[in-house]
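Have a look at the structure below, then the notes.
Each value in this text was obtained by applying a stated rule to the coordinates, not by laboratory testing. Quick caveat: nothing in here was measured; it's all calculated off a predicted structure. Note that we place each Cβ from the backbone using ideal geometry, even for glycine, and neighbour counts take in every protein chain shown.
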Amino acid sequence: MKVEYIARKVTLTDQARQVAEKKLAKVKKFFNDILDVRVEVELERHLHVVDISVRGKDFVVQSTAQNKDVMAAIQEAVDKLEIQARRAKTRLKDHKKRAGSEAKTDQGWAVDVLERDSIASGEPRIVERSSIPIKPMSIEEAVLQLDDSSQGFLVFRNSSNDRINVLYRRQDKNLGLITPEF
């Protein structure tokens, strides 16, 4: 891993460079495709400001720290960078997991494909059957669950009136609520 150092209004010692490289080795374990690492140290009003940015194939992580001591500022910046690197890696893993075939099993719905040939023929037939668990919750909880979901709708039992409701996303990015009457 090649680290680029930029020092403004301050001289950066070899000891500070070694500390930075030693600390940045921890961040390297989170990502295997790091392209560029830049450490900028600047003296502003008796404070050392350290900006660290790590750029990779599909991510950019940056952190900034200020301290009177250069070494402490570098350590703070790398600690912040490590936290952000953890978050970024988790985000990448979750994104890849949802994009894969595990998206349907994440919902807990059983999906059966009934007739694969009818999809190509163009005739409207039932080709998929799902079982949806219906949980009692308030409308506010349903809105939060729908926001977390990749589905366009949520079927739930309204806890205030004990009726089945459907909450769905509209094309104008608002939400709609269907309450059937019996």
By the mean-Cβ-within-10 Å protection proxy, highest first, 6-18, 170-182 rank as 6-18, 170-182
Note, segment 169-182: 3J(HN,Hα) by Karplus (6.51, -1.76, 1.60, θ = phi - 60°), whole Hz, Gly/Pro = x, goes 8, 8, 5, 7, 6, 8, 10, x, 10, 10, 10, x, 10, 10
Taking every other residue with Cβ under 14 Å from the Cβ of residue 164 and scoring Lys and Arg +1, Asp and Glu -1, one gets +1
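Could you list 132, 74 in order of exposure, starting from the residue whose Cβ has the fewest other Cβ atoms within 10 Å?
Numbers: 132 14, 74 24.
Ordered by Cβ neighbours within 10 Å, fewest first: 132, 74.
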Expected sort for 71, 1 with the fewest Cβ neighbours (10 Å cutoff) up front is 1, 71
Quick note on 81, 146, 43, ordering by fewest other C-beta atoms within 10 Å, gives 43, 146, 81
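With viscosity set to 1.306 mPa s at 10 °C, what whole-number translational diffusion coefficient in µm²/s follows for segment 3-99 from Stokes-Einstein and a Kirkwood radius over Cα pairs? Could you put the intermediate results ahead of the total?
Working: Rh = 13.8 Å.
My calculation gives 115 µm²/s for D.
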Straight-line reach check, residue 135, cutoff 22 Å on alpha carbons, 8 or more apart in-chain or any other chain, hits among lysines -> 104
Sparse-neighbourhood loop hits (GluC sites (Glu not before Pro), segment 1-80; DSSP loop; Cβ within 10 Å at most 14 others) -> none
Here the net charge surrounding residue 68, from other residues whose Cβ is less than 15 Å away from its Cβ (Lys, Arg +1; Asp, Glu -1), is -2
What the 5 Å binned alpha carbon P(r) of segment 135-175 shows, as percent of pairs per bin from 0, is 6, 26, 35, 21, 9, 3
Once residue 91 and residue 44 are pulled to full extension, the length gained, defined as 0.36 nm per residue separation minus their Cα-Cα distance, is 13.5 nm
